[in-house]
Amino acid sequence: MADSEKRKNVMLIVFCWLVYTLAYLGKYSYNANINQVMEYYGVNHAEAGLVSTFFFFAYGSGQILHGFLSRKYPAKYTVFFSLLISAAANAGIAFIKNFSVIKFLWGINGFCLAVLWPVIVKLLSENLNPTRFNTATVVMGTTTAIGMILSYGLSALFIHLNNFRIIFYVTGLVLPGIAVAWFFAYPFMTEKKTIAPASSGEVPAVSDENVKVKEDNLIRYIVGLGIFMIVANIVKDGLGIWLPSILIEQFGFNESLSVILSLVLPLFGIFGCFLIVKLSNRIKNYIILCTLLLIGIFLMVVVGWLGIRCNAYIALIAGGGFASCIIYGLNNIISSKYPLQLKNKRNVGIVAGILNGLSYVGSMISSYCLGGVADNSGWNGVFITFMILSVCTIAVFCIVFVVICVIKHKKRGG
């Protein structure tokens, strides 16, 4: 790889990472302060969670729609205006006094931010040398965790300063800054080039056995991965949104400390992004890998549930942390690595948009439905819900796997 091409590749990955990481300020600024929102506006868990539900519905459906249209979107302007609109939505929330309006503004925010992932993944697939795909997968996989740490960390500081609304002002300033930087840097990192076959270094992801899927099985494969995304993200965002509330209501922590302790989740998630990518290089079948990962998630949820039952917050945080480690890694390989491996076979933006969009179906369910479960059955009921969903999903895929093995055995015998 020529030095100039290498510099462009590195620059593109760095800017995509910066854009998507800082975009999480626009996504998580509300969730990081949901307890303060409930107190300020005098609303319950379900009402506060409804705002996140509007966001996740708009974000998830928007990802799928933008995925199909991403081929027509000019990435330079799409990313620029997406960040500007999100900045305006965040600044607007800082001034709004009527809580009923917030959910609609947050829905607009979600729909505009939804365009980023399919456009960015498509941009990476078109401009990176294939030897850089694994690097891009790992680096982009850290955006969620680091973005959450940034958003929740700043929120904890502003809560300590007795003004949680500062996070919305800060987001309203930061996002236009990175939008302008993206706009002017774009021409220097996306010049078209001829990509030579890799001879050393990382193995090109396009030759991975994971993508040797027959055309008639591709849709079923995506559906299977989508189910894992939905279930895993019900748990992930259920923990991410409501862990501060659990620590306050169940264990008596103050608001700023509860937010700080919640940073354990994305910290473990960063480690998971590296670990699960390495694991996926050994276990080539994503369906089998995701089933094994979901078993691990279930076991960690049980640890968290025991923490609530036994009034042991360390067990709760540890269980949530290790569950997040697995889920962040699972999200990374499904929404990033797998779509990149389909380059030259499918529109990468469509696949990335669909799979990442389905993850937000789980986020939408967790934000509103779990708030209602907590209001009616307490946090114990929330963790039981996690366990039931995990066990049912694991059972379904194990049954499907057994049926497929039986059918293949009979065909060989015939």
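Any read-out appearing in this document is the output of simple, stated calculations on the displayed coordinates, not a laboratory observation. Since the structure is predicted, the reported quantities are computational estimates derived from the model, not experimental observations. All Cβ positions, glycine included, derive from the backbone under ideal geometry; neighbour counts span all protein chains shown.
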A correct Karplus calculation of ³J(HN,Hα) over region 328-339, with 6.51 cos²θ - 1.76 cosθ + 1.60, θ = phi - 60°, whole Hz and x for Gly and Pro, returns 4, x, 4, 4, 5, 6, 7, 8, 10, 5, 4, x
Residue-ordered couplings for region 361-367, obtained by feeding phi - 60° into the Karplus form 6.51 cos²θ - 1.76 cosθ + 1.60 and rounding to whole Hz (Gly and Pro as x), are 5, x, 5, 4, 4, 5, 5
Residue separation between VAL14 and ASN162 times 0.36 nm, minus their alpha-carbon distance, gives in nm 49.8 nm
Calc'd 3J(HN,Hα), region 243-255, phi into Karplus 6.51 cos²θ - 1.76 cosθ + 1.60 (θ = phi - 60°), Hz, glycine/Pro = x, comes to 4, x, 5, 4, 5, 6, 7, 8, 10, x, 6, 6, 5
Sorted on mean Cβ neighbours within 10 Å (highest first), peptides 103-111, 387-395, 56-64, 273-281 come out as 56-64, 103-111, 273-281, 387-395
Over the chain, the sum of -39500 (n - 2.57) across DSSP H runs of at least four, divided by residue number and rounded to 500 deg cm²/dmol, gives at 222 nm -27500 deg cm²/dmol
At q = 0.07, 0.09, 0.10, 0.12 1/Å the base-10 log of I(q)/I(0) from the Debye formula over the alpha-carbon atoms of region 3-413 is -0.31, -0.52, -0.65, -0.93
Subtracting the Cα-Cα distance of CYS405 and ASP375 from 0.36 nm times their residue separation yields 6.4 nm
Across 5 Å bins beginning at 0, the whole-percent shares of Cα-Cα pair distances in region 109-190 come to 3, 11, 15, 22, 20, 14, 9, 5, 2, 0
Checking rank on 93-101, 298-306, 404-412, with mean other Cβ inside 10 Å and highest first, the result is 298-306, 93-101, 404-412
Simple SL model, points at 7 angstrom along Cα→Cβ for THR135 and VAL264; separation in nm is 3.5
Amide H contacts under 5 Å for PHE253, restricted to residues at least 5 apart in sequence or on another chain and with H modeled in the peptide plane, are ILE248
Simple spin-label estimate for PHE251/LYS278, 7 Å along Cα→Cβ, in nm, reads 2.8
Sorted on mean Cβ neighbours within 10 Å (highest first), peptides 177-190, 125-138, 23-36 come out as 23-36, 125-138, 177-190
Surpassing 24 Å at the alpha-carbon level, of the pairs LYS76/LYS236; LYS27/LYS97; LYS76/LYS278; LYS97/LYS236, are LYS76/LYS236; LYS76/LYS278; LYS97/LYS236
